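Worksheet: the structure to be examined is printed underneath.
The values are calculated or read from the model by the stated rules, or taken from the named source; none is laboratory data. For clarity, every value in this text was computed on a predicted model and none was experimentally measured. Reconstructed Cβ throughout: ideal geometry from the backbone, glycine too, with neighbour counts over all protein chains shown. In case anyone asks, the SASA skips ligands and DNA or RNA and just uses the protein heavy atoms, side chains included. Shrake-Rupley method; radii C 1.70, N 1.55, O 1.52, S 1.80 Å.
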Amino acid sequence: MPKDADPRECSIADTLDLVGERWSLLAIRELSYGVRRFDQIVRNTGASRDILTARLRKLEAGGVIRRERYSDHPVRHEYRLTPAGMELCDVLLVLMAWGDRHLHPDDPPVRWRHSCGETVSPLVVCRHCGSEARQGAHSPTGRGARP
């Protein structure tokens, strides 16, 4: 880090410290799809076993996932999202929508269907007024807020 750096205090940075690595987010994706076992997560993400092990341990320590033993001989575990981990699925939907619009505009690789039957098109709104939350429509406040 440059000696004159003064990183802004921010929950985005703190969150990225925990989940902002490719294999962590892809593991969360797999868990959100119902994949529970390590070997399946490795296969579906393409992560190496040692890196995925480290990421899962970090996610578990951060309260994003929990490990449950399903076999004693040999010892084997399944992974499940905690309520905090389930909230991250909303973030993944927004990331997927961005990728669909900007990286795969003609042919998105995956389409999510809502229970209403339509393709999911996530929208972030203000809980208070219901208006769309977009850059420029809000301003930061608190400890990390500065120009």
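For the chain, report the accessible area per residue in Å² (1.4 Å probe, heavy atoms, rounded to an integer).
75 Å²
Quick check on the range 1-62: what are the equivalent-ellipsoid semi-axes from the Cα gyration tensor, as sqrt(5λ), descending, whole Å?
28, 12, 9
Let me understand the chain better: what is its radius of gyration from the alpha carbons, and its Dmax, in angstrom?
Answer for the chain, Rg first and Dmax second: 18.2, 57 Å.
With r as the distance between the Cβ atoms of A5 and T53 and R0 = 30 Å, compute the FRET efficiency 1/(1 + (r/R0)^6) and round to 0.05.
0.40
Given G63, L88, G117, which one lies farthest toward the positive end of the charge dipole of the chain, if we put +1 on the Cβ of every Lys and Arg and -1 on the Cβ of every Asp and Glu?
G63
With +1 on each Lys and Arg Cβ and -1 on each Asp and Glu Cβ, and nothing else charged, work out how big the dipole of the range 10-146 is about its Cα centre, in Debye to the nearest 20.
320 debye
Can you work out the FRET efficiency for the pair H102 and E68, with r the C-beta to C-beta distance and R0 = 35 Å, to the nearest 0.05?
The formula returns an efficiency of 0.40 here.
With the convex hull built on the Cα atoms of the range 60-119, state its orientation-averaged projected area in nm².
6.4 nm²
Using a 1.4 Å probe on the protein chains only, how many percent of the accessible area of the range 7-82 belongs to carbon and sulfur?
For the range 7-82, the apolar C and S fraction of the accessible surface comes to 47 percent.
Note the full-extension length gain between L16 and E118 as 0.36 nm times their separation in residues minus their Cα-Cα distance, in nm to one decimal.
Once the chain is fully extended between L16 and E118, it gains 33.6 nm.
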